[in-house]
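The values are calculated or read from the model by the stated rules, or taken from the named source; none is laboratory data. Here the structure is a predicted model, which means the values were calculated and not measured. Virtual Cβ from ideal backbone geometry, glycine too; neighbours counted across all protein chains shown. Heavy atoms of the whole protein, side chains included, go into the accessibility calculation; ligands, DNA and RNA do not. Shrake-Rupley method; radii C 1.70, N 1.55, O 1.52, S 1.80 Å.
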Amino acid sequence: MTWDPATTDSQDWDERGLRRAPVVSAGTWITDSIRGFGHGVAGLVPPVFPAYARVFHPASTIDDEPVRWDTVAEANGRIQHPVMEWGSIVGSWQTPEQEGLWHDPPSEGSLPADTARALADTLRAYTQTPSKCWFAHWEGSGHIEAPSNYPRLPMPGRDMILFSGTIDHADIQFGASEQFPFGMSAHLWWPDDQTWCAATDIDLMTTYVGASTECIDAVLANSALEALPVDSAQKLTWDSDTHNPLPPAGPYA
């Protein structure tokens, strides 16, 4: 397909054609499988898939050019690996920038639209229902509102509002407008045939995908993405990086 970010990135969910779901039964297979809020991949993506990938949100230069995590790791004498954490490869969670390397850190809690488009272009080939997909967004993000009588998808610690659309809505930025073009992505999305699932937690700088081995191999091979393989038991906490020195404190210190 042809994405048109110039006209879509500044449109909120209703302008893009998403519809709020009046029932959340489409997500029952996820809530029935999730292992609770246990700070692991299986607390975000159902542990029912044969393979998983971690997609790293890029940092950016002052000119908004993307910067890969492996570039930052190498520049700082750190090791690039699937469980690397931003604070560990930079040396601190409080560093505002590194001149000549990166200006803005990776987005937290939101999959950047360009990265979402690249991911969706790969995932499209691994579903029979690209025209029927589901997108869930945490109601506590401040980017959406829903009537109190609307059902919520009860994810662990993260009640979500559910929307329906097509895979073309993967780059949706909830709360976006012409005045404020930087919204927040879906926090959970999957096709109706449940062949894969992608999750972006509100506190994380990376997105996790569960799918078939073939699909994950394609995600890892997509040069427009920085992605590495993980398993469903992988920890997600700021101190998960066991290859690089831990920074003095976590991101919320």
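With the gyration tensor restricted to C-alpha atoms of segment 13-145, the semi-axes of the equivalent ellipsoid amount to 31, 19, 16 Å, longest first. Using the Cβ of Met84 as centre and a radius below 13 Å, the other residues enclosed give a net charge of -2, where K and R count +1 and D and E count -1. Subtracting the Cα-Cα distance of Thr31 and Glu97 from their residue separation scaled by 0.36 nm leaves 20.0 nm.
How much of the accessible area of segment 61-196, probe 1.4 Å, is carbon plus sulfur, in whole percent? Here it works out to 48 percent. The simple spin-label model puts a point 7 Å past each Cα toward its Cβ; for Arg68 and Ser223 those points are separated by 1.0 nm.
Taking a sphere under 14 Å around the Cβ of Val24 and counting the other residues whose Cβ falls inside, with K and R at +1 and D and E at -1, yields a net charge of 0. Other residues within the sphere of radius under 10 Å centred on the Cβ of Met205, judged by their own Cβ, net out at -4 (K and R +1, D and E -1). The equivalent ellipsoid that matches the C-alpha gyration tensor of the chain spans semi-axes of 28, 21, 18 angstrom, in descending order. Relative to the globular-protein estimate of 2.2 N^0.38 Å, the Cα radius of gyration of segment 104-253 stands at 1.08. For segment 90-161, the orientation-averaged shadow of the C-alpha convex hull comes to 8.0 nm² (one quarter of the hull surface).
The packing ranking, built from the mean of other Cβ atoms within 10 Å per residue, places the peptides 92-102, 113-123 in the order 113-123, 92-102, highest first.
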